[in-house]
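Chemist: Okay, here's the structure, questions in a sec.
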Amino acid sequence: MDSIFTGLDWLIVASYFVFLIWLSWKKGWNSDDEEEFLLSGRKVTLPAFVATLVSTWYGGILGVGEWSYQFGISQWLILGVPFYIFSALFAIFLAGKIRLNKALTIPEAIANRYSEKAGRLSALPIFILVSPAPYILMLGLLFQFLSGGDAPFLFYASLVALFSVLYITIGGFGAVIRTDILQIILMFSGFIILLIFAVAEFGGFGTLTNSLTDVHLDITGGNSIQYILVWFFIALWTFVDPSFHQRAAAAESPETARKGIFVSIGFWIVFDFLTCFAGLYAFAILGEGLDQPVLAYPMLAEQILPIGLKGLFFVSLLATIMSTLDSYLFISGQTLGRDYLLKYFPDVNPNLLTRIGILVSALLGILLIIIYPSVIDLWYVIGSVFIPGLLIPVLGIYLKPFKLKAVYVIISIIGASAISLIWLILGTTHPDQAVGYAYFGVEPFYPGLFAAILIWIIGKDGEEEIR
């Protein structure tokens, strides 16, 4: 299905991009104050904290639509509950301590806690972990759909990625927060409008449930317990995700960081309700067998929304994705520039290195979507390889039971990640002994995590108190 976008719809989309530029220019080019550029001076209030965290952590909106269209209400159990749980644990055990820590980034915190070499080494997997590639890919697919397929998605993806580079490098983290406040309003309003029109078009929830399959109404979505557990392990990403750490560090107080995460969980639950039922209505109205289930939301909007509101809904999709894209671009840029390159270019302004890193991150993201032109594959590969090696060293910064001796931090980062990567390669190159990426039925995440736990048992350091 090609999109039928009118001039009014395109005007709404163009106005959105112009407004983003205006917001980023609002406070100018902050090139000298590093804490202001990276953390907005650690003065982020509760409303701003919630807006930026909620919008940033929900960037995979097209993947969510694909899931709810195919597997129904299991979206809550598999894509929601694990992240609610680990976000709450993050709030309870980590958020306040991160705010009180003087470090501006995770690699800096690792360097301060363990060693400078460990901190610099950790910057490389963190740089890849927060790659904006999945979100560049989604934006490319979305604009290709809107334009009727006139150009390859890579063309549109590159344009949007470089646009994000433009406004992030102007305003730093302050620009990210200001734009995220706009994005969260657009996120919720767009899906509320879509659901209102879906109910008017098709009927209420009673009519909807009569049109769904047993799989859609099954809380497991027909998936095995083992598969569901995998998603709980993937949700460990929360503990090592730099966007969580950055926002906790930027909050005006430890209490704001803790409370803000719990408020954010409430917003995620509400938004999950909106997106889940939008996916169910997409199945009921569009029918089964879409060639591209990842475009379930855009196709539903195309069919039921009038001129103008259609443009507004597509802006809400753009806002949901771009809120994560700009955050990940910024974090990956500061990780490469400030936390890694600064050692080799000590005379260069750290904020300039961050800006250079943002551009490099965007270019690498474009390269990654050429290699892995799938959102799910990108999430899977990046998470499976790098989370196991980073998990325990990061937890050990703030929680004494997970503290490692400095040398074992390096062993964990390199060793556990290498084992996951080797397992991933074996699963890819030996299809006769693998299903997907699982080699001999074992997902690559598990060998890496097992190695990380073994390294922790051998190398844990319980003598010195956490500062």
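Chemist: Can you tell me how many residues within the range 357-380 are of a type outside the set (Val, Ile, Thr), open to solvent by 10 Å² or more (accessible area, probe 1.4 Å) and not in a loop (DSSP other than H, G, I, E, B)?
Modeler: Let us first name the residues in the range 357-380 that are of a type outside the set (Val, Ile, Thr), namely 357, 359, 361-365, 367-368, 372-374, 377-380.
Among the residues that remain, those that are also open to solvent by 10 Å² or more (accessible area, probe 1.4 Å) are: 359, 363-364, 367-368, 372-374, 377, 379-380.
Restricting the remaining residues to those that are not in a loop (DSSP other than H, G, I, E, B) gives 359, 363-364, 367-368, 377, 379-380.
Residues in the range 357-380 being of a type outside the set (Val, Ile, Thr), open to solvent by 10 Å² or more (accessible area, probe 1.4 Å) and not in a loop (DSSP other than H, G, I, E, B): 8 in total.
Chemist: Please pick out the residue among Gly190, Gly203, Gly172, Gly260 that is modelled with pLDDT of 90 or more and at positive phi. So that I can check it myself, show each step before the final result.
Modeler: Details: Gly190 fails: at positive phi; Gly172 fails: modelled with pLDDT of 90 or more; Gly260 fails: at positive phi.
Answer to the selection: Gly203.
Chemist: OK, next. Within the range 167-190, identify whether any single residue is open to solvent by 30 Å² or more (accessible area, probe 1.4 Å), under 27 Å from Gly383 (Cα atoms) and in contact (Cβ under 8 Å) with a residue 24 or more places away in the chain, and answer yes or no.
Modeler: Looking for residues that are open to solvent by 30 Å² or more (accessible area, probe 1.4 Å), under 27 Å from Gly383 (Cα atoms) and in contact (Cβ under 8 Å) with a residue 24 or more places away in the chain, one finds none in the range 167-190, hence no.
Chemist: On to the next question. Kindly indicate whether any position in the range 321-343 is in contact (Cβ under 8 Å) with a residue 24 or more places away in the chain, over 29 Å from Leu23 (Cα atoms), part of a helix (DSSP H, G or I) and among the basic types (Lys, Arg).
Modeler: Yes, the range 321-343 has at least one match.
Chemist: Only one of these is at pLDDT 95 or above and surrounded by 15 or more Cβ atoms within 10 Å (Cβ to Cβ): Gly389, Gly383, Gly427. Name it.
Modeler: Values: Gly383 fails: at pLDDT 95 or above; Gly427 fails: at pLDDT 95 or above.
Going through Gly389, Gly383, Gly427 in turn, just one is at pLDDT 95 or above and surrounded by 15 or more Cβ atoms within 10 Å (Cβ to Cβ): Gly389.
Chemist: Would you point out the residue of the range 15-29, among those that are closer than 28 Å to Ala257 by Cβ and buried (at least 16 other Cβ atoms within 10 Å of the Cβ), that is modelled with the highest pLDDT?
Modeler: Only one residue fits best here, namely Leu20.
Chemist: Looking at (1) in contact (Cβ under 8 Å) with a residue 24 or more places away in the chain; (2) over 15 Å from Trp67 (Cβ atoms); (3) outside any helix (DSSP H, G or I), which is the one condition that is false for Phe314?
Modeler: For Phe314, the exception is condition (3).
Chemist: Taking the conditions exactly as written (in contact (Cβ under 8 Å) with a residue 12 or more places away in the chain and in contact with a Gly (Cβ under 6 Å, 6 or more places away or on another chain)), does Trp231 satisfy them or not? So that I can check it myself, show each step before the final result.
Modeler: On the way: in contact (Cβ under 8 Å) with a residue 12 or more places away in the chain: yes; in contact with a Gly (Cβ under 6 Å, 6 or more places away or on another chain): no.
So Trp231 fails the test.
Chemist: Would you list the helices (runs of 4 or more DSSP H) that sit entirely within the range 30-138 and hold 3 or more residues that are surrounded by fewer than 20 Cβ atoms within 10 Å (Cβ to Cβ)? Outline the logic, then answer.
Modeler: Numbers: elements: 34-39, 46-56, 61-71, 81-90, 96-100, 106-113, 116-129.
Passing ranges, in order: 34-39, 81-90, 96-100, 116-129.
Chemist: Quick check, is Leu229 more than 27 Å from Pro132 (Cβ to Cβ) and surrounded by fewer than 20 Cβ atoms within 10 Å (Cβ to Cβ)? Let's see the steps before the verdict.
Modeler: Numbers: more than 27 Å from Pro132 (Cβ to Cβ): yes; surrounded by fewer than 20 Cβ atoms within 10 Å (Cβ to Cβ): yes.
So Leu229 passes the test.
The values are calculated or read from the model by the stated rules, or taken from the named source; none is laboratory data. A quick note: this is a predicted structure, and the numbers were derived from the prediction, not measured. Cβ atoms come from the backbone with ideal geometry, glycine included; neighbour counts cover every protein chain shown. Please note that ligands, DNA and RNA were not included when accessible areas were found on the heavy atoms of the full protein model with its side chains. Shrake-Rupley method; radii C 1.70, N 1.55, O 1.52, S 1.80 Å.
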